[in-house]
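Undergrad: My questions all concern the structure below.
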Amino acid sequence: MSFGKGVKIDIGCLFIGEVSIGNEVIIEPYCVIKNTSIGNHTIVKAFTHIENSVVGSNSIIGPYARLRANTEIENNCKIGNFVETKNIELGANSKANHLSYLGDAQIGKNVNIGAGTITCNYDGNKKHKTTIEDDSFIGSNSELIAPVTIKKGATVGAGTTLCEDVPEKSLSTSRAKQVNIIGWKKSNKS
């Protein structure tokens, strides 16, 4: 284990295996960090678990984030509360702030992943890759069914179930039509 200068570690943290922590890193309470490298000036918020990963400098991870094996986070990134990652590359200045699962994905620079977004990487037999190129925006509650590629500068509208590639600098959306049933009454379960 190696720790840089000015590192602050709060109570209840557990470090396992080969851990390298850069300068001026803050690790809040009750984090578990295993076989991981963390760059300078990064903040790891409370109750975060990181294993077999690389986190760049000037990033914020957590609280309650889970970075699983083969997660590579570049500089100036944000992985927020209740975000789980596995086998991903997240480019510089990209963020997934809330409630997402990102697995088997290559995500470019300056990408925003909206709350509730998931990469549907497993088809019941094998895993597939999702690619999100630079400067893309993924709306909240989107399902990205791999294999799929979202080209540079594209936008995926909130609530979209995506199963085809999205062209560069375009908007993709798929939603069922809302139906309002006026005067509808619940069944009486007596």
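Undergrad: Which of Lys126/Lys177; Lys86/Lys129; Lys45/Lys78; Lys34/Lys126; Lys86/Lys109; Lys34/Lys129 have a Cα-Cα distance over 22 Å?
TA: Among Lys126/Lys177; Lys86/Lys129; Lys45/Lys78; Lys34/Lys126; Lys86/Lys109; Lys34/Lys129, the Cα-Cα distance tops 22 Å for Lys126/Lys177; Lys34/Lys126; Lys34/Lys129.
Undergrad: Looking at segment 120-190, which GluC sites (Glu not before Pro) are DSSP coil and have at most 15 other C-beta atoms within 10 Å of their C-beta?
TA: Glu164, Glu168
Undergrad: Please give me the summed charge of the neighbours of Val19: other residues whose Cβ is under 13 Å from its Cβ, Lys and Arg +1, Asp and Glu -1.
TA: Details: positive: Lys34; negative: Glu18, Glu51.
Spelling it out: positives minus negatives among the neighbours equals -1.
Undergrad: So, one more: With Cβ to Cβ distances under 9 Å as the rule, what net charge do the other residues near Cys31 carry (K, R +1; D, E -1)?
TA: -1
Undergrad: Mind checking the full-extension length gain between Phe82 and Asn23? Use 0.36 nm per residue of separation minus the Cα-Cα distance, one decimal, nm.
TA: Here the answer is 18.6 nm.
Undergrad: Give the separation of the Cα centroids, segment 120-183 to segment 99-116, in Å.
TA: Result: 11 Å between the Cα centres.
Undergrad: Related question: List the residues whose amide H sits under 5 Å from the amide H of Ile38, counting only those 5 or more places along or on another chain, with H placed 1.01 Å from N in the peptide plane.
TA: Placed amide hydrogens put Ser20, Ile21, Gly22, Val55 under 5 Å from Ile38.
Undergrad: Right, something else. Report relative contact order for segment 2-172 in percent, whole number only (criteria: Cα-Cα under 8 Å, sequence separation at least 6).
TA: Once divided by the residue count of segment 2-172, the mean separation gives 11 percent.
Undergrad: Cα convex hull of the chain: how many Å³ per residue? Mind dumping the intermediate values first?
TA: Values: hull volume 29.2 nm³, N = 190.
Convex hull volume per residue, Cα atoms: 154 Å³.
Each value in this text was obtained by applying a stated rule to the coordinates, not by laboratory testing. Every value quoted in this text rests on a predicted model; they were computed, and no experiment measured them. Glycine gets a Cβ as well: all are built from the backbone with ideal geometry, and neighbour counts include every protein chain shown.
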